[in-house]
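Read-outs: derived from the displayed coordinates by stated rules, not from any lab. These numbers were taken from a predicted model, which means no experiment stands behind them. All Cβ positions, glycine included, derive from the backbone under ideal geometry; neighbour counts span all protein chains shown.
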Amino acid sequence: MTSHTLRNVVIVGGGTAGWMTAAALAKFLPPQQYHIQLVESDAIGTVGVGEATVPHIRFFNQVLGIDENDFMQKTNATYKLGIEFSHWGKRGDRYIHPFGIYGQARNDISFHHYWLKLQQSGDPHPIGDYSVGVVAAYAEKFAYPHRDAHSLFSKYSYAFHLDASLYASFLRDYSTTRGVTRVEGKIIRVEQHPDSGFIRAVELDSGAQLAGDLFIDCSGFRGLLISDTLKTDFEEWSHWLPCDRAIAVPSSKTSEPLPYTKAIACTAGWQWRIPLQNRTGNGQVYSSHHISDDEVAHNLLHNLDGEPLANLHYLRFKAGRRVQSWNKNCVAIGLSSGFLEPLESTSIYLIQIAIMTLVECFPDAAMEETNRHEFNRTMANEYERIRDFLILHYHATQRDDSAFWNDCRTMNIPESLHYKIQLFREQGHVERYKQGMFLEPSWVAVYMGQGIIPTTYHPAVNALDIQHLRDYFHSLRNTIATGVNAMPSHTNSIQRYCNNPHSETTWPPAAMSLYGVFS
């Protein structure tokens, strides 16, 4: 690299990853100092395997200054309180992984320890009865979290189901009005420095060249820069996450949208249902080693709630991540950086965390190694923790009705996940960390929902009289039920807010932190 100040940033690829990146850089980088260009081709389609998000997207939209109701209206969005998992632990089971806590901790002891004591005494109520998000989701209700941080009704969060293509278009308008230059064209050649290997420019099919100091690869699975050009290694995780294909199709709306995503376990994978205002997003993720494309396509179409609105869209992928998401002067964001199936709606989150980490570690022309190292360390940590959480869904099962589930149940798992499971099974403890997407309540939801029940609970819980505990839990259930009953329906909330842009919304404290939304 030369010694001049970094000025030219070239984003290769549009879609959700490209335009989220462009929007954030346009917001945080002074326009008088940086020139941001995004190159994409209308002839190249974008990949969107899911349209469900997690609460962190609210933080992203908020820091960009985006009005939530306007965003919902322009992306056909609905509210999301969590994800329902059906038939994962065993056939017939279902549970919701909510965005929020269960009950409230007492004396610094997590709520689930008290619940375990009651369960062992014969109490029949599932832990979901003590989650505002779970009770509201099943009641098809929605209200913004309470402003009072001490209220139980401030202890849940929410995200969105949205049309990812419309979200990309929404951010494209946001970015271009703030100085980002969109360039139409296909890249046919990449020019590198002969000594350092740093990328100098990309050449388009029109003959134009885009020179840059920093290149951001948002080109999807292909990884035009990070893979094709820089030959960055890919760490594959298919031995732990065997699903390698997906089929997606939208269907017509047949009922009012639910305030939660559905993830329905099937013979050799799982099916998603994502309710938007105007349609339903459907798809099936599966292992091609255990079932044929034709059988999946037949099953998917047979299980649609409404009429298909488009042809089936087939995707092939492999789970894993780039060993270096930032290599030389190229940063990979989105599918070019890695892929983890959308079981927990993590795709947009991984884009977001990459963008925000890049902003924090933004380089000058020298491209210091410390910036690259910190970015790569952060992204590796994020991918690996999400990887373990996804593997847990497959491994924590009693299903033995297919070769796929037998393989998942009996496979060797990462030592990091084995430790987490043993810690919870034997002590009821969840491994704690400050940075990472899924915190204690999320792990508890899946552990409990799929049959990993601790053999004991914190001994200090025994200081409470059992009848006192029963009375407290009874009161807690009544408080949640009464509060949820007073909430408007999910449909009424959508009509009230997203059809009235600029009307007041409540931003609870959790929305202001990239981490901790699930805490």
Amide H within-cut-off set for LEU38, under 5 Å, with H built and near neighbours excluded: ILE11, THR181, ARG182, VAL183
For the chain, what is the mean residue ellipticity at 222 nm derived from helices alone (per DSSP H run of n ≥ 4: -39500 (n - 2.57); sum divided by total residues; nearest 500 deg cm²/dmol)? -10000 deg cm²/dmol
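What is segment 373-430 by shape, rounded, prolate or oblate, if you read a ≥ b ≥ c off the alpha carbon gyration tensor as root eigenvalues and call it rounded for a/c under 1.5, prolate for a/b larger than b/c, and oblate otherwise? All intermediate terms of the calculation are to be shown ahead of the outcome.
Values: a/c = 3.26, a/b = 1.57, b/c = 2.08.
The shape class here is oblate.
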Antiparallel bridge percentage (DSSP; both residues within the chain; nearest 5): 70
Relative contact order for segment 92-220, counting Cα pairs under 8 Å that sit 6 or more residues apart, in percent: 15
Return the long-range amide H neighbours of LYS90 (sequence gap of 5 or more, or a different chain), with a cut-off of under 5 Å between placed amide H atoms. GLN398
In percent, how large is the relative contact order of the chain, given Cα pairs closer than 8 Å and 6 or more residues apart? 24
Once the in-chain neighbours fewer than 8 apart are removed, the lysines whose Cα is under 29 Å from LYS74 read LYS27, LYS141, LYS155, LYS186, LYS253, LYS262
Lysines with Cα under 16 Å of LYS420, excluding same-chain neighbours fewer than 8 positions away: LYS434
Projecting the Cα atoms of THR479, HIS113, TYR314 onto the charge dipole of the chain, where Lys and Arg contribute +1 and Asp and Glu -1 at Cβ, the residue farthest towards the positive end is THR479
Can you compute the charge dipole magnitude of the chain about its Cα centre, using +1 on each Lys and Arg Cβ and -1 on each Asp and Glu Cβ, nothing else charged? Give it in debye, rounded to the nearest 20. 600
Toy charge model, Lys and Arg Cβ at +1, Asp and Glu Cβ at -1: segment 245-316 dipole around Cα centroid in debye, rounded to 20, equals 220
If you line up the Cα atoms of the chain on their principal axes, what length do they span on each, largest first, in Å? 77, 51, 49
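Sequence gap at least 6, Cα distance under 8 Å: using those rules, report the relative contact order of segment 60-135 to the nearest whole percent.
25
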If amide H atoms are built 1.01 Å from N in the plane of the peptide, which residues on other chains or at least 5 residues away come under 5 Å of the amide H of GLN192? ARG200
